[in-house]
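To start, the structure under review is shown below, and the notes come after it.
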Amino acid sequence: MVATHVFSPLSIRSVTFRNRLWVSPMCMYSCTDGFANEFHRVHTGQYALGGAGLVMMEATGVVPEGRITADCMGLWSDAHAESLAPAVAFAQTQGARVGIQLAHAGRKASANAPHRGPGFVSAADGGWTPLGPTEEPFRGLAGPRAATAADLEAVVAGFAAAARRAVSAGFDVIEVHGAHGYLLHQFASPLVNTRTDAWGGAGRTKLALDVADAVRSAIPDSMPLFYRVSATDWVDGGWSVDDTVELSVALRAHGVDLIDVSSGGAVPDAAIPVAPGYQVPLAKQVRERAGVLTSAVGLIDEAAAAEQVLASGAADAVMMGRRWLRDPYSGVHFADALGVDAPWPRQYARR
Ligand SMILES: Cc1cc2nc3c(=O)[nH]c(=O)nc-3n(C[C@H](O)[C@H](O)[C@H](O)COP(=O)(O)O)c2cc1C
């Protein structure tokens, strides 16, 4: 059997991932009142059968108003944790590790799910007033309320409580969503955060670090903690790779084990050079300059490309989104392509 980077295991704290081909978090807009259901059990389980090393479940609101849409997943009560537990347990029986991305959408909340059309949901239709660093809206969405100190303390406490519930639901990994223009990124980006109090200026990353601290203290020492960053806003004067390196060093000191490197989302008009593997050089810079584990994501769709990302030292794992949606057996198919024994479930081994 050939030795590959993609199919070598990775251990972080006390968790070992069978390989480095992971499912990126993807909103499915398929919940009612934030609860996971049969769809999520099958959806998560199919990737475990298909050979994923880690399935990261979608952006999950730590409080109801932190959901992107009313169809998004939530973890603000113990009953929500109970609804997630069967999906986690089944995927684990198939050899995958399972994570959950904890999120607060900030001023991008109360949006319409894509299948419901563009724009935001008005209060009359079940929407809510989002929370933001300021009252400046994200173009096309509702005007937010500027968060007070008490609001931000409640957000931090919400992340900690949701993390505790994720542990009780059996998750192996927690990821904090600090990317794509959601609340933590809104506070970090100078394009969005123009506050002059303790959460503005030099304090723009305070919320990120407070959340990392609160989540780290809420979960066992043995449990890996990831943080997804937007490594750049792709706008002059916006959040930059240098800022990301500095934040990554700080997050590592605050107990974060892996930086999941994405980009963009703070403002609508960024010129993003989308192309195969376009975010990989960002992951490489963060890994080399901050001395942290990274995952790379974004149009890494082929086995050879995934192998090259890892061989080049850009990342410790590859996350894929749309490729898994199109081919839930990507793990098996990538193994075939790289000459590794394909990890079919034993039930499927018969020829
Ligand atoms: C349907 C869909 C939903 C997504 N939802 C999330 C999400 O919940 N959290 C997140 O960080 N990124 C989300 N993303 C971004 C993906 O995780 C990933 O970073 C992006 O699709 C680029 O990877 P890809 O080219 O392999 O799809 C989503 C992407 C898609 C296609």
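Computed from the coordinates by the stated procedures, all read-outs in this text should not be read as laboratory data. The shown structure was predicted, so the numbers you read here are calculated from the model rather than taken from an experiment. FYI the Cβ positions are ideal-geometry reconstructions off the backbone, even for glycines, and counts take in every protein chain you see.
Within region 138-155, is even one residue in a helix (DSSP H, G or I) and among the hydroxyl-bearing types (Ser, Thr, Tyr)? So that I can check it myself, show each step before the final result.
Of the residues in region 138-155, the ones in a helix (DSSP H, G or I) are 149-155.
If we keep only those that are among the hydroxyl-bearing types (Ser, Thr, Tyr) as well, we get none.
Within region 138-155, not a single residue is in a helix (DSSP H, G or I) and among the hydroxyl-bearing types (Ser, Thr, Tyr).
The residues in region 139-183 that are over 24 Å from Ile219 (Cα atoms) and more than 16 Å from the ligand (Cβ to nearest atom) can be counted, and the count is 11. Within region 298-321, the set of residues being near the ligand (Cβ under 9 Å from one of its atoms), surrounded by fewer than 20 Cβ atoms within 10 Å (Cβ to Cβ) and free of Cβ contacts under 8 Å to residues at least 40 places away in the same chain comprises Leu299, Asp301. Scanning region 226-282 for residues that are part of a loop (DSSP other than H, G, I, E, B) and either of a type in the set (Lys, Arg) or touching a residue at least 12 places away in the same chain (Cβ under 8 Å) (or both) yields a count of 29.
When region 7-60 is filtered for residues that are of a type in the set (S, T, N, Q), over 17 Å from Leu325 (Cβ atoms) and within 16 Å of the ligand (Cβ to nearest atom), only Thr60 remains. Being of a type in the set (A, V, I, L, M) and either closer than 20 Å to Asp336 by Cβ or touching a Ser or Thr at 6+ places or on another chain (Cβ under 9 Å) (or both) holds for only one residue in Val42, Val62, Val6, and it is Val6.
Scan region 316-351 residue by residue and report those that are of a type in the set (D, E, K, R), within 19 Å of Met28 (Cα to Cα) and not in a helix (DSSP H, G or I). Write out each step before concluding.
Taking region 316-351 and keeping what is of a type in the set (D, E, K, R), we get 316, 322-323, 326-327, 336, 341, 346, 350-351.
Within this subset, residues satisfying the condition of being within 19 Å of Met28 (Cα to Cα) are 322-323, 326-327.
Once the filter is applied, which keeps residues that are of a type in the set (D, E, K, R), within 19 Å of Met28 (Cα to Cα) and not in a helix (DSSP H, G or I), region 316-351 yields only Asp327.
For region 232-251, the count of residues that are crowded, with 18+ Cβ neighbours inside 10 Å, within 21 Å of Lys108 (Cα to Cα) and β-branched (Val, Ile, Thr) is at least one.
Just to be sure before I move on: is Val286 over 14 Å from Trp22 (Cβ atoms), more than 11 Å from the ligand (Cβ to nearest atom) and buried (at least 24 other Cβ atoms within 10 Å of the Cβ) in the structure I sent? Yes, satisfied.
Please find, among Ala142, Ala161, Ala212, the residue that is surrounded by 16 or more Cβ atoms within 10 Å (Cβ to Cβ), in contact with a strand residue (DSSP E or B) (Cβ under 6 Å, 6 or more places away or on another chain) and small (Gly, Ala, Ser). Give the steps one after another, and end with the answer.
Details: Ala161 fails: in contact with a strand residue (DSSP E or B) (Cβ under 6 Å, 6 or more places away or on another chain); Ala212 fails: in contact with a strand residue (DSSP E or B) (Cβ under 6 Å, 6 or more places away or on another chain).
That would be Ala142, the only listed residue that is surrounded by 16 or more Cβ atoms within 10 Å (Cβ to Cβ), in contact with a strand residue (DSSP E or B) (Cβ under 6 Å, 6 or more places away or on another chain) and small (Gly, Ala, Ser).
Inspection of region 64-85 finds no residue satisfying the criterion of being away from the ligand (no atom under 16 Å from the Cβ) and buried (at least 24 other Cβ atoms within 10 Å of the Cβ).
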